[in-house]
Amino acid sequence: MPWQDRAGVGVCAFLGNLKMKLKSLWAALALVATLAGCASPPQAAVDVSGDFMTAKNAAIGIVMTPVPKADTQFPGAGCLLCMATASLANSSLTTYVQTLPTDDLTALKSDFAKLLESKGFTVRIISEPLEVKNLPDSKSTTPNTAKQDFTALKAKYGVEKLLVINVSQIGVTRPYSAYVSVGDPKAALVGTGYIVNLSTNALEWYLPVNVVKGADHAWDEPPKFPGLENAYFQVIEMGKEAFTKPFSM
Amino acid sequence: MWRTVRQCGLAIVCATAAVCYPASQANAIGAPIKLADLGFVLKLPISTKVAFQGQVDDASANETGGAMLYPAPSFIGLLVGIATHGAIVGAEQSRKQSATQKAADQVLEPFKPVLDDFLYSELVQRGVSDLGISGPVQVHGLDQHEEKQWVVESQPLFILSQDKSVLILENTVAVYAADAPKTQRYTNVIKVVSPASTDADLAAMWSANQGEALKQLSTNLFTHSLALALRELDGSLDATQHTTKTFRYTEGNIKRMERAELLLTCNRSVVRTLRGWLVSVPNPTPATPLPSVCETMQM
């Protein structure tokens, strides 16, 4: 082949390669931009302010989001095969955990009500659960503002502020490193508690709750895993304490 | 790691630290037996030291390792990698558990001279007469005994809280007919938590007079646990409420919660846990005593 043709082929190949690389680069940049746009910093904790504790003329509604069923989680089993392996290895545990009741958590509403009423607040317990994800998104970018727009609930519930108890996870968690468990299963409760001012949508209190407790003595006692079941009820009690502690002082 | 072994006719679960508990809910009782009237042979490792441990918070973190990449040129290589990873993690967890218990046992160091001389023979001789039962109790290895029909085998473990204020007994008890030692009539763990001591210098208090206070408290816990076992065996421990709830108590500076059924309440509360174990704890405030119930609850 004449050198001119060889040179031409080389240039075409180079340009072809460059085109592919640029396409990949644009795709990667587009993905990063999309993810960056979706991601937002997690809400930091907001302490109960002195102003809140003194403004006792505002009626406070107390509501819970739907409590999930008790279940198992295997953080660290990141790949699909890892998750399948973890699920299979812990199937009897999962079967039992899914039968555990969550009724004790609903007492949180009355626990909060008693605490707030003892401090002079007017309280109203909202019996039906609140689906926060069905509320419209808030357009405010002011810090410590609820991500959803709760203001329509002021007229619906007839209260000035809303205390929301959200339990997002209840059950047993067992850490994994790919296919291998790296710890014993432990009972876990994860959630958030917050108070929204229904006039301004501002957060007047925000508390992430994450409680973990292992079994006393052995945990692996199928079919009823009494050590883990005991730990499960312990995290419910510890979680209830964690939620209400800021108002107990 | 926990393993299941058969020892002296008991199906028990043993940790590598050689602490043994009955397999969960292995305490079938069947028809009541009034050993308090019949009498029995009490069997313990008479010539050995009484077992003591420092208290460990069982829920302390035992996680090891993090994300793992498996260099796996083939599927077999991947399996080998997983197995190796598992073995390493398992060994690390065992090592951590042993190290944790060893660190917790440091609380017993001031009492080592006392505990080295405290044998089960002394524990039993101090306590048998306090059982308050009418039937004869003979101690295997100490008494020249006739063959009694029933044997009560006991494996007590005493645990001292890290703040030294509370002594806890976990007594594994098995009952079987003398002529059928491999057929357990009753097996259970009875846990007794002592009242909290408030002395200004607890180490000195427990050590004084050759450990008299520590030995006497150990004896009181031991006889109380045996009395509860005998009551469960004769059918006189019934759940008063037949509902399960979460009970709270303290062991030194550790707050405990137990999902259990209430069986007795007096100056102490006795509950049956989800494992079927009996737990006796002091009430935070004294209850009005009911004489017929409280006579066996004195400590």
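Excluding A:L135 itself, calculate the net charge of residues whose Cβ lies under 10 Å from the Cβ of A:L135, where each Lys or Arg counts +1 and each Asp or Glu counts -1. So the surrounding residues net to -1. The spread of Cα positions in segment A:136-249, taken along each principal axis and listed from longest to shortest, comes to 52, 34, 25 Å.
Here the residues B:S225, A:S199, ranked from fewest to most Cβ neighbours within 10 Å of their Cβ, fall in the order A:S199, B:S225. Could you give the distance between the Cα centres of segment A:160-185 and segment A:103-135, to the whole Å? Between the Cα centre of segment A:160-185 and that of segment A:103-135, the gap is 22 Å. The gain in end-to-end length when the B:D201 to B:N283 segment is fully stretched comes to 27.1 nm, 0.36 nm per residue minus the alpha carbon separation. Put in order of Cβ neighbour count within 10 Å, fewest first, the listed residues B:M205, A:M53 become A:M53, B:M205. Neighbour counts of C-beta atoms inside 10 Å place B:H224, A:H217 in the sequence A:H217, B:H224, starting with the fewest. So what is the diffusion coefficient of segment B:119-245 in µm² per second by Stokes-Einstein at 37 °C and 0.692 mPa s, using a Kirkwood Rh over Cα pairs? Taking Rh from Cα pairs, D becomes 201 µm²/s. With R₀ fixed at 25 Å, the C-beta to C-beta distance from A:E131 to A:A45 puts the FRET efficiency at about 0.55.
Computed from the coordinates by the stated procedures, all read-outs in this text should not be read as laboratory data. All of these numbers come straight from a predicted model, not from anything done at the bench. Cβ coordinates were reconstructed from backbone atoms using ideal geometry, including for glycine residues, and neighbour counts include every protein chain displayed.
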